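In what follows, a structure is listed as structure tokens, so that the remarks can point back to it.
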Amino acid sequence: MAGLRLDPIDRKILAELQADGRMTNVELAKRVGISAPPCLRRVRTLEEQGYIRGYHADVDARELGFEVQVFAMVGLHSQAEADLSAFEEKCRDWPLVRECHMLNGEVDFVLKCVAPDLSSFQSFLTGDLLTTPNVESVKTSLVIRCAKDDPGVPFDVLEKRLEVAP
């Protein structure tokens with residue numbers, strides 16, 4: 001289990017930074033029960049090892065004029081690795097696509113898209129996504145509201161799993 005490589009202090013650092021990535025190192029050190037210099041060293045190590053991928057502001061898309069959020073389920077003609085990679089690369093180039101996940105099952109990818117309005121999304125859908133080579137089908141679902149949007153992982157679940165691990 002990947003979490004076993006981290007000691008309890010490292011996991012606490014990650015949980016605290018996931019909840020509030022803007023806190024000072026001094027505050028973080030106080031919360032995890034160590035002094036500031038070793039805390040900073042641990043944070044840098046967690047960054048270098050890839051446990052911390054970055055720090056981001058959680059911006060409100062609607063406040064910025066992006067009123068439409070859509071999930072698009074995309075089926076491809078071919079699932080050869082080169083074709084999958086080509087589609088993923090195309091998704092990285094589309095600004096309206098905020099997330100792209102390859103799936104197992106009836107569809108190949110689910111895309112999370114944002115747009116200022118329905119006509120902007122429709123233009124993207126008909127002018128870009130549906131005309132992309134290898135795209136066989138697209139089904140879209142418009143988000144009415146978001147009931148939960150927690151980033152990261154549930155550290156309490158990780159800690160419970162580690163308590164029972166041999």
Of those in segment 18-44 that are without any contact (Cβ under 8 Å) to a residue 12 or more places away in the chain and either buried (at least 16 other Cβ atoms within 10 Å of the Cβ) or of a type in the set (Val, Ile, Thr) (or both), the residue farthest from Gly152 (Cα to Cα) is Val26
Note down all Cβ pairs under 8 Å where the first residue falls in segment 139-160 and is under 15 Å from Cys113 (Cα atoms), the second is assigned to a helix (DSSP H, G or I) and open to solvent by less than 70 Å² (accessible area, probe 1.4 Å), and they're at least six residues apart or on different chains.
Thr140/Leu125
Answer yes or no as to whether Ala15 is open to solvent by less than 60 Å² (accessible area, probe 1.4 Å) and either of a type in the set (D, E, K, R) or over 21 Å from the mean Cα position of the chain (by Cα) (or both).
no
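The values are calculated or read from the model by the stated rules, or taken from the named source; none is laboratory data. Predicted, not measured: the structure shown is a model, and the values here were computed from it. Quick reminder, even Gly has a Cβ in these numbers, built from the backbone with ideal geometry, and neighbours come from all protein chains shown. In case anyone asks, the SASA skips ligands and DNA or RNA and just uses the protein heavy atoms, side chains included. Shrake-Rupley method; radii C 1.70, N 1.55, O 1.52, S 1.80 Å.
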